[in-house]
C-alpha cells in the first residue's frame with residue numbers, strides 16, 4: 001500500500017531530513033535563492049547521496065506550498081512501502097524468535113510513530129502495525145524521529161486493526177493493551193512468549209473494539225502523581241522490560 005510522494009519544505013526541515021538519511025528522490029532549489037550554510041549542506045548531502053538536484057523557477061515551489069514558506073528549497077520523499085501484517089510474524093519466526101510487535105491505536109502524531117519505531121528496533125522487536133485510517137503514517141517527520149530505524153524495521157498497515165489483532169491471537173500471539181487503569185501491572189507480566197503490545201493515544205486511549213480484543217490490559221507502576229505517560233514513552237518502558245526479561 002502506497003501513499004503519494006511527500007514534499008518537505010524549508011531549509012531546516014530539508015537539512016534535518018538529509019542528515020537523518022530520509023530517502024529522497026529529488027532536491028529542488030529555486031532559481032536565484034540566496035545561499036546559506038543550511039542550503040550548502042543540503043546540496044552537498046544530496047549530491048553525496050546521489051539525489052537529483054534540480055534548479056527550478058520559484059513559482060514551482062510556490063505551488064507546492066500553501067503559504068509560500070519554502071525558503072527556496074524542497075525535498076521530494078517517495079511514498080513509504082508498507083509491509084503486510086502477516087510479514088511481521090513471519091519475520092520473527094524466520095529467526096526462530098517469539099514475535100515482539102507493537103500495534104498503534106489512535107496515534108495521529110507522526111513523531112510518536114517515529115519514536116515508537118525507534119524503541120521497537122532498539123529493544124529487539126519485529127515490527128509495528130498501524131491502522132490504514134485515522135492514524136499517523138510514515139512521513140518524513142516520522143522517519144526523522146525514528147533516527148533511521150524506519151529503514152530497518154518493517155511497518156505494516158492494517159485495513160482493520162481489530163481484525164488483524166484477532167488473526168494474530170488465533171496464531172498464538174498474546175494481545176496486550178496499555179492503559180493506566182489496567183488489571184495487570186508490568187511487574188506481573190511475563191512477555192517471554194509471542195506478544196503484541198497495543199498502544200493507544202495519551203488522550204483517547206484504546207478504542208473500545210481494540211480493548212475488547214486484548215487478552216490483558218497492562219499498566220505501568222509509577223511513583224509520582226502522573227496520570228499517564230506519552231504513548232511513545234509508555235511503549236519504550238514496556239519494550240525495555242520485555243527485552244530484559246527475555247535476556248534473563
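Every number here is computed from the coordinates shown, using simple stated rules; none is lab data. Remember, it's a predicted structure, so these values are computed and weren't measured experimentally. We place every Cβ from the backbone using ideal geometry, glycine too, and count neighbours over all the protein chains shown.
Relative contact order of the chain, taken over Cα pairs closer than 8 Å and 6 or more residues apart, is 19 percent. By how many degrees, between 0 and 90 and to the nearest 10, does the Cα long axis of helix 85-94 differ from the longest principal axis of the chain? Once rounded, the angle reads 70 degrees.
Apply the a/c threshold of 1.5 to the C-alpha gyration tensor of the stretch 143-220 and tell me whether it is rounded, prolate or oblate. Taking the square roots of the gyration eigenvalues as a ≥ b ≥ c, the stretch 143-220 is rounded.
Sorting the segments 149-159, 50-60 by their mean number of nearby beta carbons within 10 angstrom, highest to lowest, gives 149-159, 50-60. Mean residue ellipticity at 222 nm, helices only, the chain: -10500 deg cm²/dmol; runs of at least 4 DSSP H residues each add -39,500 (n - 2.57), and the sum is divided by the number of residues.
For a modelled paramagnetic label at residue 58, 7 Å from Cα along Cα-to-Cβ, the residues of the stretch 31-48 in reach, with backbone nitrogen under 12 Å, are 31-34. For the chain, the longest principal axis of the alpha carbon atoms and the long axis of helix 110-122 meet at an angle near 60°.
The packing ranking of peptides 202-209, 181-188, highest mean first, is 202-209, 181-188, where packing means the average number of other beta carbon atoms within 10 angstrom of each residue.
With neighbours defined as other Cβ atoms within 10 Å of a residue's Cβ, the residues 69, 222 order from fewest to most as 69, 222. Counting neighbouring Cβ atoms within 10 Å and putting the fewest first, the residues 84, 95, 126 line up as 95, 84, 126. Panel order for 211, 118, by other beta carbons found within 10 Å of each beta carbon, from fewest to most: 211, 118. Compute the helix-to-body angle for 161-170: its Cα long axis versus the longest principal axis of the chain, expressed 0 to 90° and rounded to tens. Here the helix axis deviates by roughly 50 degrees. Beta-bridge orientation, the stretch 6-77: approximately 60 percent antiparallel, per DSSP, counting only bridges with both partners inside. Cα gyration tensor of the stretch 103-146, axes a ≥ b ≥ c as square roots of the eigenvalues: rounded (a/c below 1.5), prolate (a/b > b/c) or oblate? Taking the square roots of the gyration eigenvalues as a ≥ b ≥ c, the stretch 103-146 is oblate.
The order of the peptides 87-94, 106-113 by mean Cβ neighbours within 10 Å, most packed first, is 106-113, 87-94.
What the pair-distance distribution of the chain shows, using all Cα-Cα distances binned every 5 Å from zero, is 1, 6, 13, 16, 16, 13, 10, 8, 7, 5, 3, 1, 0 percent.
Using a Gaussian network model of the chain in which every pair of alpha carbons under 10 angstrom is joined by a spring, one finds that among 161, 39, 101 the greatest mean-square fluctuation is at 39. Among beta bridges identified by DSSP and lying wholly in the chain, the antiparallel ones come to about 25 percent. Considering the zone a paramagnetic label at residue 69 would reach in this model (a point 7 Å from Cα along the Cα-to-Cβ line), which residues of the stretch 9-33 have amide N under 15 Å from it? Within reach of a label on residue 69: 9-14.
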